[in-house]
Structures are given as C-alpha cells and as structure tokens.
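Novice: Can you read through this structure? Questions will come right after.
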Amino acid sequence: MDDPFLPELFGASKSEEKAALIAETLFKTLPGEIALIARRCCLLHWFDKSVVEALLQDITHDESQLRNIYEQIRSLPFVEALPWGLAYNDLTRNCLLHRYSVVQPQLLITAARLAAPAYEAHRDDTKIAAEAFFCYIIAGETALASELLNELVQNAEKERDQERIDGLQKILEEAQRLPFGLSLSFSELLAFHRVAARKKQRTARHKRTDTISIAIIGDVLSGKSHYIASCINQLQQRSTFEMLGCSRIVGQGDTDKRYVDNYFNYVYRQQTMIPPTMAARTTINEPLIYELVFREKSFFQRDRRVNLLFYDSSGEDFVSQNRMTQYSQYVHNASAIIFLVDPLAIPGVVGDLPSDLRPKVVRPDRTIDVLNRLVQTFEVGKGIRPGSRVETPIAITISKSDLLKFVLKDSQSPLFLRSSSSVVRVDNRELALIDREVRSFLPEVGEQKLLYSSQRFGNVGFFAVSATGWQADNSNKFPHVEPLRCLDPLLWILEKTGVITPE
C-alpha cells in the first residue's frame with residue numbers, strides 16, 4: 001500500500017501545514033495512550049513530568065509507564081528541553097493548536113482541565129501560575145481563572161511589574177483566539193472575580209464534589225447499552241431528581257451529545273436496537289459523566305455536588321480474563337457495579353417462553369463465568385486474596401424483565417414487574433422486597449449458581465429491569481418503549497455509596 005505521507009507533505013503549501021503533518025505522522029507511530037498524551041501536550045506552553053502525570057489521570061498507569069511516556073515525548077524531534085521542563089517548538093505547537101481547535105476541540109479542553117490543577121499547585125511561582133491561568137481559560141473555568149488572575153495581578157501591582165500584567169493579558173488573548181475560549185475581556189474577568197468573591201463572602205458557602213464511578217458489566221447481548229439509554233433518560237426526568245433531592249442533573253463536557261448520538265436517538269427517537277458495542281482497542285474508556293447538584297437545606301449549608309460516571313463496554317471485553325484485565329481496568333476502580341444478566345441465556349427461562357419470543361439459537365449461559373472473571377479482576381487489580389470478599393457494591397440485575405411474565409406462575413405477581421409505587425421518595429423497603437423476589441426467582445429457573453457466586457461480594461442487591469418494556473421484532477424495531485424499574489439498581493447504589501438516604 002502506498003504511503004500517503006510524502007504526497008501530502010509535498011502538496012502542503014505552507015510550513016505550518018507541513019509541521020502539523022509531520023507531527024501527526026509521528027504521533028501515529030506511537031502507542032495509543034502515548035499518542036493521546038503527546039497530542040494533549042501541544043496545548044501547553046511548557047510541561048514537566050508532573051504535568052504529564054496529570055494528563056494521565058483518566059488512564060490507568062504506574063510509575064514505569066509514566067517515565068516511558070515522558071521519555072518518548074521528550075524524544076520527539078520538535079520537542080525542546082527547557083531548564084524547567086519540555087516544550088513543543090512554536091511552529092509545531094501553533095499549527096497543532098489550530099488543527100485540533102477545529103477537528104478535536106474536546107481534546108484541548110480535556111487537556112486544559114486535567115493540567116490546570118498541576119500548575120496551580122505551584123501558584124507561588126508566577127511562571128507556573130500563569131500556565132494554570134491559561135488552562136482554566138481553555139477549560140471554560142471562568143471562576144477559577146478569574147480568581148487566579150486577580151491574585152496574579154495584585155502581586156504584580158505590589159511589585160510594580162507592569163510587564164507581568166501585560167504577559168497575563170497576552171495569555172488571555174492567545175486563549176481567546178481558540179474558538180471555544182472565554183469571551184470576557186481582561187477587566188471583565190477581574191470584575192467577575194470581585195463579584196464572585198463578594199457573593200462567597202456573603203453566603204459563606206463551600207463547594208464539595210464527590211465522584212461515583214459505575215461500571216455496567218454483562219455478557220454479550222445482555223443489554224448494557226439499552227439499559228444505559230433508559231437509566232439515564234429516567235435519571236434526567238424532573239420527577240427523578242426531585243425524588244433524589246437534586247436541584248438539577250447536568251451532563252459534563254460532551255456527555256450530552258454522546259448520550260443522544262449513541263443511546264437516546266436509537267431507543268427513544270427511532271425505537272430501534274442500539275448497534276452492538278465494539279470490542280475495545282484501547283485501554284481508555286471514556287465514561288458518560290453527570291453532575292448531581294443537591295438542594296441546600298439551610299442558608300449556611302455548603303453546596304453538594306456528585307459526579308456520576310457511567311462506564312459501558314462490549315460484552316466481548318468480559319468473555320476472557322485477558323481482555324477483561326487489559327481493556328477494563330476501570331472495573332476494579334469502580335465505586336459500584338451494575339451486573340446485567342441476560343434471561344435469554346438462561347435455559348430455564350427460554351424453555352417457558354412463547355415460540356415467537358425464543359431466540360433462534362440459545363447461547364451458552366456464561367453469566368457465572370463473567371461474574372467469576374469479575375472477581376478475579378478485583379483479585380489482580382486490588383490485591384484481594386483469593387477467597388476474600390469483594391466489598392465494592394454490586395447490583396446483580398436481570399435485564400429484559402418484560403420476558404419474565406411468561407415464565408412466572410399464574411399466582412405470582414412480583415413487585416419487580418410493576419412500576420414503582422413512589423415517585424416522591426426513594427423507598428428502601430421496596431428495593432429490599434424486590435431483592436428477595438429476584439433471589440427466590442433464580443432457583444426456579446435453574447440459576448442457583450448465580451446466588452452462590454454472588455457470595456464472593458460483601459454488598460449485593462438483586463434486581464430485575466426492562467430497558468424498553470418490549471422485545472424488538474425481526475427488523476430490530478420496538479413496538480413501544482416503556483422502561484420498567486431501570487432506576488432501581490442505581491438508587492440502591494446511590495444509597496450504598498452514601499449519596500442519598502432512602503426512607
């Protein structure tokens with residue numbers, strides 16, 4: 001196959017275009033994670049090893065991997081060594097900034113968000129603090145940028161250093177040349193801080209943010225993506241966040257767009273099945289992130305915000321232990337797990353279904369294998385001794401529960417097949433009853449092993465949900481979309497992680 005690099009290089013009319021092409025070509029020769037960090041570094045005027053480590057926050061790594069990444073970036077031909085770190089030469093940096101601001105703006109915004117705190121940790125050094133100011137502007141953190149700017153200007157005025165103030169103004173102007181930079185002027189940014197400072201002084205409130213990461217795990221075709229589609233849709237309903245005591249629920253970064261494009265449009269607009277999630281090719285798994293902002297109960301109570309991170313993966317990544325260990329490193333760092341069980345892989349369920357609802361080919365029931373591999377992942381990743389319990393809360397959830405009405409005896413009318421009786425509060429007693437119902441149902445369909453294997457976890461709840469309420473027809477279309485009890489596992493997790501206190 002002909003390499004398009006040379007024709008593109010000779011076809012580039014400007015030196016900036018050539019520099020960008022050469023840099024991108026070199027990035028493509030690097031392993032995925034290293035290439036990502038190298039691209040993120042182009043935003044920065046300079047960086048050192050601590051900054052590179054900050055850019056790796058969303059990637060599992062150890063000290064040796066950090067050193068390797070830093071050294072590989074150092075060896076790139078357009079990287080220059082400074083007394084205090086490394087920097088891309090101006091031509092390469094400027095052309096990459098221009099390129100990514102158009103085709104990958106989120107790459108630069110994410111880099112700024114991750115790097116800013118690493119620079120601000122040394123805010124007593126003007127040069128370092130100025131870079132933090134630049135990153136906060138790119139990240140859209142108006143309050144943090146204005147606060148830091150106010151401090152830097154005050155210090156410069158005390159020392160009568162007009163050159164330093166001019167330098168800060170140039171940094172602001174540079175950031176604003178990017179299409180997503182803040183639109184506030186230098187004076188407006190300072191004024192913004194003064195207004196915010198007065199408000200903070202009046203209210204004497206402080207912000208607190210917790211992060212709860214939730215891994216959605218299950219075998220192939222267990223319905224993970226459909227569950228996420230309906231769970232988040234229900235989470236965003238006003239009745240839900242009022243029940244939780246939230247004032248609002250906000251998608252962070254590009255979460256709303258990715259959710260609509262990859263989940264909501266399929267299930268709720270087209271009423272069709274979501275295409276299977278592709279098996280992972282990189283260890284980076286970008287979650288959907290939602291911020292829950294809780295109402296204040298008193299004038300002096302500090303704000304409380306909770307970030308919920310939803311991780312979705314292909315079922316293929318859980319089929320073998322090697323794939324789970326390699327591509328699902330976020331699993332053993334999760335705050336909680338929702339483990340989906342496909343009833344169409346349970347022979348005791350499939351045998352009682354009407355013929356038109358039975359799968360043409362009954363897949364092997366690998367639920368226990370996936371659950372056992374999950375335990376092994378914790379043993380390897382967290383150093384848990386074999387035989388010891390995993391304390392991470394796990395909500396073991398039968399998906400496609402709309403099928404279960406065909407399996408249950410006529411006299412049975414379980415709560416898990418009815419809508420929640422409460423829309424104004426979280427009823428812990430109702431969740432506990434559903435847990436008992438599902439535990440009783442599993443032996444009836446020959447899934448006693450699931451109950452036995454679940455004992456490896458110290459904090460387990462059982463649930464049954466239906467993401468759509470109906471099965472898809474031969475054209476992968478749903479006749480209706482009527483989710484059933486999709487919030488139950490999430491509500492249980494929020495209680496177990498201390499986010500809410502149910503009644």
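Novice: Nearest 0.05, what FRET efficiency do GLN448 and ASP256 give at R0 = 30 Å with Cβ-Cβ as r?
Specialist: 0.10
Novice: Okay, next question. Sorted by packing (mean other beta-carbon atoms within 10 Å per residue), highest first, where do 230-238, 265-273 land?
Specialist: 230-238, 265-273
Novice: Also, I was wondering about something else. Expected output is a single nm value to one decimal: the length gained when fully extending between SER413 and LYS382, i.e. 0.36 nm times separation in residues minus the C-alpha distance. What is it?
Specialist: Working: separation 31, 0.36 × 31 = 11.16 nm, distance 4.12 nm.
Contour length minus the Cα-Cα distance gives 7.0 nm.
Novice: Residue-wise, which Karplus ³J(HN,Hα) couplings in Hz belong to region 211-216, taking 6.51 cos²θ - 1.76 cosθ + 1.60, θ = phi - 60°, and x for glycine or proline?
Specialist: With the stated coefficients, region 211-216 comes to 10, 10, 9, 10, 8, 9 Hz.
Novice: Please report, in cubic angstrom per residue, the volume enclosed by the convex hull of the alpha-carbon atoms of region 102-155.
Specialist: Expressed per residue, the convex hull around the Cα atoms of region 102-155 is 66 Å³.
Novice: Let me ask you something else. Tell me, what is the percent relative contact order of region 370-503, built from C-alpha pairs under 8 Å that lie six or more residues apart?
Specialist: 34 percent
Novice: Quick check: net charge around LEU415, other residues with Cβ under 11 Å of its Cβ, Lys/Arg +1 and Asp/Glu -1?
Specialist: Overall, the nearby charge balance is -1.
Novice: Still on this structure, please answer the following. With a cut-off of 20 Å, note down the residues of region 26-43 whose backbone N falls inside the zone around a label point 7 Å from the Cα of ARG74 toward its beta carbon.
Specialist: Taking a point 7 Å out along Cα→Cβ of ARG74, the residues of region 26-43 whose backbone N falls under 20 Å are 27, 30-31, 33-43.
Novice: Using the structure shown, select from LYS257/LYS400; LYS400/LYS496; LYS257/LYS477; LYS127/LYS158; LYS224/LYS382; LYS405/LYS477 the pairs with a Cα to Cα distance greater than 19 angstrom.
Specialist: LYS257/LYS400; LYS400/LYS496; LYS257/LYS477; LYS224/LYS382; LYS405/LYS477
Novice: Amide H to amide H under 5 Å from SER213: which residues, 5+ apart in sequence or cross-chain, H placed 1.01 Å off N in plane?
Specialist: Here LEU309, SER335, ALA336 satisfy the definition.
Novice: Kindly sort HIS122, HIS45 by accessible area of their heavy atoms, largest first, with the probe set to 1.4 Å.
Specialist: HIS122, HIS45
Novice: Sum up the charges of everything whose Cβ sits under 14 Å from the Cβ of PRO347, counting Lys and Arg as +1 and Asp and Glu as -1, but leave PRO347 out.
Specialist: Local net charge: -1.
Novice: Determine, for each peptide in 112-119, 154-161, the mean count of other beta carbons within 10 angstrom over its residues, then list the peptides with the highest first.
Specialist: Descending mean neighbour count gives 112-119, 154-161.
Novice: May I pose another question? Once the piece of chain linking ASP166 and LYS49 is laid out straight, how much longer is it, given 0.36 nm per residue of separation minus the C-alpha distance between them?
Specialist: 39.3 nm
Novice: Would you mind counting up the charge near ILE396? Only other residues with Cβ under 11 Å from its Cβ, with Lys and Arg at +1 and Asp and Glu at -1.
Specialist: -1
Novice: In Å, what Rg and Dmax follow from the Cα atoms of region 340-471?
Specialist: For region 340-471, the Cα-based Rg and Dmax read 15.9, 47 Å.
The values are calculated or read from the model by the stated rules, or taken from the named source; none is laboratory data. These figures come from a predicted structure and were not determined experimentally. Quick reminder, even Gly has a Cβ in these numbers, built from the backbone with ideal geometry, and neighbours come from all protein chains shown. Protein only, heavy atoms only, side chains kept; ligands, DNA and RNA dropped before computing areas. Shrake-Rupley method; radii C 1.70, N 1.55, O 1.52, S 1.80 Å.
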